[in-house]
Amino acid sequence: MRIGIFGGTFDPIHVGHLAAAVNAKAGAHLDKVLMVVANIPWQKEGLRKVQPAAERLALVRAAVSGVEGLEASDIEIKRGGESYTIDTVLEIRKQFPNDELFLIIGADVASELDTWERADDLADLVTLVIVNRPGSVRPSNLGERWSYLEVEVPSLDISSTDLRARAIEGRPLDYLIPSAAIDYIRQHKLYVPGEE
Ligand code: ATP
Ligand code: MG
């Protein structure tokens, strides 16, 4: 199998993530894509309030339910602590020793890769699938360390940062987040004023 790993804080998940995931799956001929919810995203820690991992996981579950080939993964939440992609990939490698692993990332994240924990080890284990993201260009020297392919996805200028602001200010989330996930946000009173 060709397994895609799409990690994120998903705070909250939005259709930019989902369109990227399904199109990366199709474009890179992946059999499935694991949407891996970060437990503690070390890059974002201390900068703002991140919703509890269990809530972000519930949103991802609601968003991918019924979508063929997309799976919510709690592997980083079960492991606990700070989430390093290399640890996740090593764990998935153990579960799927004979399968090929692909790490799906947006162009913005591609520029940060070299700051990641044990990047050389990670580069030995995965092929990157880089998807375009409005406002970001992928670095030109990626090939020096990484094997990668690029998949063109619909350019959606959508971010969780904007969606958190929308929710807090009472502006519409419709068509930017799947309706099942919006229902969860409302029912559980996530992203309410005072939390930013
Ligand atoms: P935040 O604004 O809080 O950083 P985000 O929208 O960037 O949230 P993340 O959870 O940080 O979402 O991103 C997870 C992954 O999804 C990253 O690889 C990122 O590049 C990718 N991604 C997020 N939004 C898009 C989008 N609109 N198009 C393509 N890729 C995206
Ligand atoms: Mg981001």
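The values are calculated or read from the model by the stated rules, or taken from the named source; none is laboratory data. Quick caveat: nothing in here was measured; it's all calculated off a predicted structure. Positions of Cβ are backbone-derived with ideal geometry, glycine not excepted, and every protein chain shown enters the neighbour counts. The area values use the complete protein model at the heavy-atom level, side chains included, leaving out ligands, DNA and RNA. Shrake-Rupley method; radii C 1.70, N 1.55, O 1.52, S 1.80 Å.
Considering segment 74-104 alone, what residues qualify as being without any contact (Cβ under 8 Å) to a residue 40 or more places away in the chain and within 13 Å of ligand 1 (Cβ to nearest atom)?
Within segment 74-104, none qualify.
If residue 30 passes every condition in (1) without any contact (Cβ under 8 Å) to a residue 60 or more places away in the chain; (2) touching a helix residue (DSSP H, G or I) at 6+ places or on another chain (Cβ under 8 Å); (3) more than 16 Å from ligand 2 (Cβ to nearest atom) but one, which one does it miss?
(1)
If you scan segment 118-135, which residues turn out to be open to solvent by 80 Å² or more (accessible area, probe 1.4 Å) and over 20 Å from residue 154 (Cα atoms)?
Within segment 118-135, 118, 120, 124 meet the criteria.
Please name all residue pairs, on different chains or six or more residues apart, with Cβ atoms under 6 Å, provided the first residue is in segment 148-166 and is within 17 Å of residue 6 (Cα to Cα) and the second residue is of a type in the set (D, E, K, R) and within 7 Å of ligand 1 (Cβ to nearest atom).
160/11
Residue check: is residue 117 part of a loop (DSSP other than H, G, I, E, B) and more than 24 Å from residue 15 (Cα to Cα)?
Yes: the conditions hold for residue 117.
How many residues are surrounded by 10 or more Cβ atoms within 10 Å (Cβ to Cβ) and either touching a Ser or Thr at 6+ places or on another chain (Cβ under 7 Å) or among the charged types (D, E, K, R) (or both) if we restrict to segment 176-196?
Final tally of qualifying residues: 5.
Looking at 133, 138, 164 in this structure, which one is within 15 Å of the chain's Cα centre (by Cα) and not polar (S, T, N, Q)?
Answer to the check: 133.
What tally of residues in segment 136-175 results from selecting those that are in a strand (DSSP E or B), more than 10 Å from ligand 1 (Cβ to nearest atom), open to solvent by 30 Å² or more (accessible area, probe 1.4 Å) and not acidic (Asp, Glu)?
Of the residues in segment 136-175, 2 are in a strand (DSSP E or B), more than 10 Å from ligand 1 (Cβ to nearest atom), open to solvent by 30 Å² or more (accessible area, probe 1.4 Å) and not acidic (Asp, Glu).
Has segment 56-63 got any residue that is within 15 Å of ligand 1 (Cβ to nearest atom), under 13 Å from the mean Cα position of the chain (by Cα) and over 22 Å from residue 133 (Cβ atoms)?
Checked against the condition, which is being within 15 Å of ligand 1 (Cβ to nearest atom), under 13 Å from the mean Cα position of the chain (by Cα) and over 22 Å from residue 133 (Cβ atoms), segment 56-63 yields at least one hit.
Tell me whether segment 40-48 contains one or more residues that are open to solvent by 10 Å² or more (accessible area, probe 1.4 Å), in contact (Cβ under 8 Å) with a residue 24 or more places away in the chain and more than 15 Å from ligand 1 (Cβ to nearest atom).
Within segment 40-48, not a single residue is open to solvent by 10 Å² or more (accessible area, probe 1.4 Å), in contact (Cβ under 8 Å) with a residue 24 or more places away in the chain and more than 15 Å from ligand 1 (Cβ to nearest atom).
Please determine, by comparing only the residues of segment 72-117 that are within 28 Å of residue 19 (Cβ to Cβ) and among the polar types (S, T, N, Q), which one is most open to solvent (accessible area, probe 1.4 Å).
Here the residue is 95.
Which of the residues that make up segment 1-38 are open to solvent by 40 Å² or more (accessible area, probe 1.4 Å) and among the basic types (Lys, Arg)?
2, 25
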